[in-house]
Structures are given as C-alpha cells and as structure tokens.
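Following: one structure in structure tokens, then a few remarks.
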Amino acid sequence: MKRKAYLLSQCMSALMLLTASSCQSDDKADGNAIAKMVDIEASVGTATRVTYNGNEAEFANGDAITLIRVPKDVTPDLVGNNTSTEKTTYTLASGKWSASPLMLWYEQYLETPYDFYAIYPALTSSSDISAMTLTGNVSSDDVMLAKKGNHTYSNGKVSLAFSHAMAKLVVNLSKLANEVTNKDNLTVSVKVQKQYSVNFSDMKVSAQGTPTDLQLAKQTNSSASQPSTSIIYSLLLPPQDGVTSITVNDGTKTYTWTNSSAISLLAGKVTTVTLNVGENYVLIGSVAVEDWTPSSIAGGEVEQK
C-alpha cells in the first residue's frame, strides 16, 4: 500500500511539472509570460488641500488619479481616435497605489520608451477634458497635472511630480466700517469663467465659457500675518484674465468693487485681493501674487460645509 501511494505521488508530481513546463512554454511564445505592473509614486510640489506632513503636502488615503500612457512624443487622445492611448485609475489606500484596471508592461516592451501623463482628481467615464466645469468642492476643483516622459521599465517606478493647474483667489476683507452689518455672515462673490479645458499637449488648464458670479468659501482661521479683524475667503479657479468685479453682501446691502484694469489669475499662484468695505464704497487695499506654498495659504484651510 505504501509503495502504491508513493508511485501515485511521483506520478502526480511529474504531471504537475509537465503542465507547468507546457504553460511556461506557451506564455513565452506569445510574449506575455512576464507582465510587470506599472508601479507609481506620486508627490505634490506645493501646498494644497491634501494632508500635510510638516509643511509638505502629500496625497491622502482615498485620493485617486488617472494615469495615461502613450508612445513617446504622442499626445494623449481620450476621445478614442488614438488607439495607442491607455488609461487607468490609481487609488491610494494604506500608503500604496493600486490600479483598476491594471496597467501592465509586457516583457517585449520593457525597453520601449513611453510618455506618462497623470491628472488629479481622477477622470470618470463621463469626464470630457475639453469641457470641464468647477464643482465648488475644494478637492474636486484642485486640478493637478504631472508628466513623466521618455520612460522605460528599466528606469523603475513611474515617479509623478504633480503641480497645480488651477489658480487660487483669496479675498481679504481687512477693514469693515461700522456701516456693515452682520459681519460674521458676509458673502463674497466674483464674476469669472468657471468652465475649463485640460490640455495635455502643454500641461495646462485653460478657462472658457461666459463669466458668471461664483461665491467664495469662507476660511476657518486667520494666519499670523493677517490681522484678527480680517475675514478671509477663497476660491479655486481656472487661470484667466479679466477679473474686474468683486461683490460683498451683508444680507441687507451689496458692496461692489469694480476696476477697469483686470486682475490676472495665474496657474499655481495665489492672488490675494485686500478690500476695505464701508458705507457706499469698496476700496481696494492691495493685490499680492505669490507662489502656491504653505506660507501663502492666507487664512488657513477652507471651511467645509
């Protein structure tokens, strides 16, 4: 009995070895035996709404990005005309990025150079990058772009350094005269373009559409550089020229600042407009344009409602 069991075990082992050898031979024949998953690491160049580690901004669990791979020097075409474009969504969980569906690098293409493009937040099946619209949500409107060009698998991970494609407008109400009532519940709005397109060819976002009134979000706290009497509001917007009107309302009265010279909103920059509001007037105190860094986030984080 023991000898029969031994012989049966040997036969099974031989059969499994033969099957494995056969499968490996078939896989190598079609070139898909060794498939390397496209592994990424992503970082944020300057401060945004994502979590902070000291003064460094980083992605948080649950954040998702869309990764696009094209042959070297080919611009992504997400409409479907260019069949060489691949697209997948990476989501961060417990410090690791996982893709769905998987983006693979097959053995015969390990030395082939590709260009990788990425966008945050991740695109959805209904996203049209030629006609996007602000949602009024800080996370969704903080569009960031990254590119890693001329990359092969032999170079290791795909390292993506994201930068802000949007502009940030901050309105600082620094002096409110006694004529302004209900100071804690003021609303601030600006007439701007809220539609935009994402251009991977030049890695930019371009504003489009008819200007409309958008309300800024009140921020929860003031920074040390701002007086305690200040009330800070902010809004993420597509880069654009032509901001000539900012309106403040205290519930009973509307105060509007207008100017013939437009304020330009630049990508990756924070434009802070300081206004003094009083009876029948709004005076502009200053306009400051800074790089988008932790120290330039005037008034702290946006109040989430």
| request: Give the order of T75, T272 when sorted by the count of other beta carbons within 10 angstrom, beginning with the fewest. | output: T75, T272
| remark: Amide H neighbours of L216 at under 5 Å, excluding residues fewer than 5 places away on the same chain, with H built from the backbone geometry, are V188, S189, V190
| said: Projecting each Cα onto the charge dipole of region 167-296 (Lys/Arg +1, Asp/Glu -1 at the beta carbon, about the Cα centre), which of T256, V188, N276 comes out farthest on the positive side? | reply: V188
| query | Got a sec to turn the phi values of region 154-162 into Karplus ³J(HN,Hα) couplings, 6.51 cos²θ - 1.76 cosθ + 1.60 with θ = phi - 60°, whole Hz, x for Gly and Pro? | reply | 4, 7, x, 4, 8, 8, 10, 9, 7
| Count the lysine pairs in region 167-296 that are 8 or more places apart or on different chains: how many have C-alpha atoms under 26 angstrom apart? | 25
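Only the coordinates and a few stated rules stand behind these numbers; no lab work does. Small disclaimer: the values here were computed from a predicted structure and weren't measured. So basically every Cβ, Gly included, is an ideal-geometry build from the backbone, and we count neighbours across all protein chains shown.
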